[in-house]
1. Only one of 242, 193, 248 is more than 19 Å from residue 360 (Cα to Cα), surrounded by fewer than 24 Cβ atoms within 10 Å (Cβ to Cβ) and either modelled with pLDDT under 95 or not assigned by TED's automatic domain parsing to the domain that holds residue 369 (or both). Can you tell me which?
2. Have a look at 176, 156 and point out the one that is touching a residue at least 40 places away in the same chain (Cβ under 8 Å), crowded, with 24+ Cβ neighbours inside 10 Å and outside any loop (DSSP other than H, G, I, E, B).
3. Does residue 364 fit the bill of being over 24 Å from residue 4 (Cβ atoms) and either assigned to a loop (DSSP other than H, G, I, E, B) or not assigned by TED's automatic domain parsing to the domain that holds residue 291 (or both)?
4. Taking the criterion of being modelled with pLDDT of 95 or more, under 23 Å from residue 285 (Cα atoms), surrounded by fewer than 14 Cβ atoms within 10 Å (Cβ to Cβ) and under 26 Å from the mean Cα position of the chain (by Cα), would at least one residue in the stretch 100-108 satisfy it?
5. Give me the strands (runs of 3 or more DSSP E) completely within the stretch 1-119, filtered to those with at least 1 residues that are out of contact with any strand residue (DSSP E or B) (no Cβ under 6 Å at 6 or more places or on another chain), ordered by residue number.
6. Scan 52, 67, 38 and give me the residue that is crowded, with 22+ Cβ neighbours inside 10 Å and either closer than 20 Å to residue 260 by Cα or over 28 Å from the mean Cα position of the chain (by Cα) (or both).
7. Quick check on my filter: what residues within the stretch 252-269 are surrounded by fewer than 22 Cβ atoms within 10 Å (Cβ to Cβ) and touching a residue at least 60 places away in the same chain (Cβ under 8 Å)?
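The values are calculated or read from the model by the stated rules, or taken from the named source; none is laboratory data. All values derive from a computational prediction rather than experimental measurement. Every residue, glycine as well, gets a Cβ built from its backbone with ideal geometry; the counts of neighbours run over all protein chains shown.
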């Protein structure tokens, strides 16, 4: 589409939100609207489509300023509940990664490589209002004489706490299977031998970047639902790769775009930030994330009408191919097939299981919709857009 029948601006949509006149639909609701009315009429009727996803997002963490001591300290090594944080920043600024495990995890002592507590759990404990134990070690200087610090503190005691996730909201992902002769434990969950199960991880038709496949509206400065509070997209995420196989409507058929996001941790909730332990893999953080898509024109309306039957994932063997970076073709499956509970791989019927919660994804989309209708949330217009591809989108009425 080079010229659009419908043209709206962020300012116009925000004015409608402030006036209580905005029409908002969830991504699930938008599917029927586009199918029944077509993208042009859908673009006229709908101002914003809300999306959501809730799943483990390993590339997550938080910056903390834990408060200066007397005498002052320039921390060189820091642990929170025995989980080491990175202290190579300013004096009392640290970064805690979600996948960093506790050094004295009792499970690891019994089963090497197994962890039940890590950085993601620390973040959950803090937003739940729990006290944590912080230990810092340092070398003395003339301006920072203190060499050690031990104290209990909670999130409210910290002058600054910023959730900052380098890679969240992956735009599509693999369907994981295991053709080897032994059970394997991966970030995609436990995979039984001889392809006896298949795991997948995406909210599909509710997922933010699958509703904006070419990144027309999501970019630097987009205001979002993050961990139960308000956050922002601050750059394209690590491993962002728009140059992948795509469907005629622009939807990627392989892992593609990602978002870097951040927000004030003190606004957030343990309901939407949950520490995770994955058998045989380690620790992580499950993140609740929702992005509003402004319906600026009929092309964007068309994008947000995508359904699970139109979104495809590649079947990847984590028993052989993933670790060796081999790209063998085991076919692809739609998210409608994955959600049905079984798929066919190499001539056999295989049960499927999601690692992403559709129930919580829909709750996030509904929550964001309510915030907008209650005039508590306005759209943030991007000041820069993600790297994308020049992809011709088929017109559909």
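1. Values: 242 fails: either modelled with pLDDT under 95 or not assigned by TED's automatic domain parsing to the domain that holds residue 369 (or both); 193 fails: either modelled with pLDDT under 95 or not assigned by TED's automatic domain parsing to the domain that holds residue 369 (or both).
None of the other options fit; the residue is 248.
2. Working: 156 fails: crowded, with 24+ Cβ neighbours inside 10 Å.
None of the other options fit; the residue is 176.
3. Details: over 24 Å from residue 4 (Cβ atoms): yes; either assigned to a loop (DSSP other than H, G, I, E, B) or not assigned by TED's automatic domain parsing to the domain that holds residue 291 (or both): no.
Here the answer is no, as residue 364 does not meet what is asked.
4. For the stretch 100-108, residues modelled with pLDDT of 95 or more, under 23 Å from residue 285 (Cα atoms), surrounded by fewer than 14 Cβ atoms within 10 Å (Cβ to Cβ) and under 26 Å from the mean Cα position of the chain (by Cα): absent.
5. Numbers: elements: 24-26, 48-50, 53-56, 61-65, 75-80, 83-85, 93-97.
So the answer is 83-85.
6. Details: 67 fails: crowded, with 22+ Cβ neighbours inside 10 Å; 38 fails: crowded, with 22+ Cβ neighbours inside 10 Å.
Only one candidate passes the filter, namely 52.
7. Quick first cut of the stretch 252-269, residues surrounded by fewer than 22 Cβ atoms within 10 Å (Cβ to Cβ) only: 253-255, 260, 262, 264, 266-267, 269.
Within the stretch 252-269, 253, 254, 255, 260, 262, 264, 266, 269 qualify.
Residue-by-condition table, conditions (1) at pLDDT 95 or above; (2) on the phi < 0 side of the Ramachandran plot; (3) not assigned by TED's automatic domain parsing to the domain that holds residue 364:
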{"site": "2", "(1), (2), (3)": "no, yes, yes"}
{"site": "5", "(1), (2), (3)": "yes, yes, yes"}
{"site": "19", "(1), (2), (3)": "yes, yes, no"}
{"site": "37", "(1), (2), (3)": "yes, yes, no"}
{"site": "71", "(1), (2), (3)": "yes, yes, yes"}
{"site": "79", "(1), (2), (3)": "yes, yes, yes"}
{"site": "85", "(1), (2), (3)": "yes, yes, yes"}
